[in-house]
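Enquirer: Can you read through this structure? Questions will come right after.
The values are calculated or read from the model by the stated rules, or taken from the named source; none is laboratory data. This is a predicted model, so every value here is computed, not measured. We place every Cβ from the backbone using ideal geometry, glycine too, and count neighbours over all the protein chains shown. Heavy atoms of the whole protein, side chains included, go into the accessibility calculation; ligands, DNA and RNA do not. Shrake-Rupley method; radii C 1.70, N 1.55, O 1.52, S 1.80 Å.
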Amino acid sequence: MPTTWQIGDIKVSQILEMPVEPGELDGLIEEATPEAVRSVEWLYPNYANDAGQTLWSLHAYVVETPTHRVLVDAGCGNHKTVPLLPNWGGLDNPFLERLAEAGYQPEDIDYVLATHLHLDHVGWNTVLDGDKWRPTFPNARYTYVRDEFDYHRGLEEGAAATDDLAHAVVYQGADPDIHSQTRLVFAESIQPCVDAGLVDLVDSNHEVTPGVRYTATPGHTTGHHSVTVESQGRIGLVTGDFIHHPIQIARPAWSSRGDSDRAQSAETRTAFLRAVAGSETLVLGTHFSGPSGGHIVPDGDGYRFLPTES
Ligand SMILES: [Zn+2]
């Protein structure tokens, strides 16, 4: 059964897509050398291994309110074309089976949200049906922040400058044809939902349904939004990639090479951690391996992540 958390009368379930192979994202956070990773003891064993490598995960969350079921971020998906990160393409993972184990059929999902439109956050938007991509969640409104959508559509159309394109993906790999990768993500995972009339574009900080709202956390992308869940005086937040790895809780100034604006990313992270440290805010990490939900507590010059189950 999936890990779940209760926030007032809202239930959040983690749906695993797959763990990321150790080493796959080495170097993504430049300062996180093996020595630097080893210096943060609480990362072991869940978020780092003995070799001093950071550990990562690909998963989604279903947020179930008394009235709606909301999928937050949609992983890499199966059978996608991902020349930029070949290990994340052509997948065949039992994500929908795990969704069913958690109690949800694709037809049950009312909203699909994305913290941002990178390839590992929109993949399960669609499934391959014969030789065509069709929306996985036929009854859902795919609800995206307009600025984020327009930026990626601009990249897809080739309107943006080449410098911007360098940041358009999760990670600048060895031989990135970023333009064609962005086009592929749009064609396979986003356009079919647009064509089916299922996409709604909303303003920054939009309330999706009572208790669930987008919250601007810029830096990884300009339009990046986390998702705040609030009920009966309790509060939680699904991070997306503004906290890419828990080591950034210990070292908030360390940004990711995938961030489009590293200074902005550090600023957003630092302000957030300062605001929630020592509070009851449940932080749900989007790429945290092992226990992915927990609280932030002050720890030396930085903070520490205290995982909590349920
Ligand atoms: Zn990501």
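Enquirer: Rounded to the nearest whole Å², what accessible area per residue is found for the chain with the 1.4 Å probe?
Expert: On the way: 12190 Å² over 310 residues.
Averaged over the residues of the chain, the accessible area is 39 Å².
Enquirer: In whole percent, and with a 1.4 Å probe on the protein chains, what portion of the accessible area of the chain is carbon and sulfur?
Expert: On the way: 5720 of 12190 Å².
Solvent-exposed carbon and sulfur of the chain make up 47 percent of the total.
Enquirer: Right, something else. Using a simple charge model, +1 on the beta-carbon of Lys and Arg, -1 on the beta-carbon of Asp and Glu, nothing else, what dipole does the chain show about its Cα centre, in debye to the nearest 20?
Expert: Values: 19 positive and 44 negative charges, 105 e Å.
Roughly 500 debye, rounded to the nearest 20.
Enquirer: Could you give log10 I(q)/I(0) at q = 0.09, 0.15 Å⁻¹ for the chain, computed by the Debye formula over C-alpha point scatterers of equal weight, without solvent?
Expert: The calculated log intensity ratios at q = 0.09, 0.15 Å⁻¹ are -0.40, -1.23.
Enquirer: Okay, moving on. Lys/Arg Cβ at +1, Asp/Glu Cβ at -1, dipole of the stretch 4-307 taken about the Cα centre: which of T65, G219, G290 is farthest positive-ward?
Expert: T65
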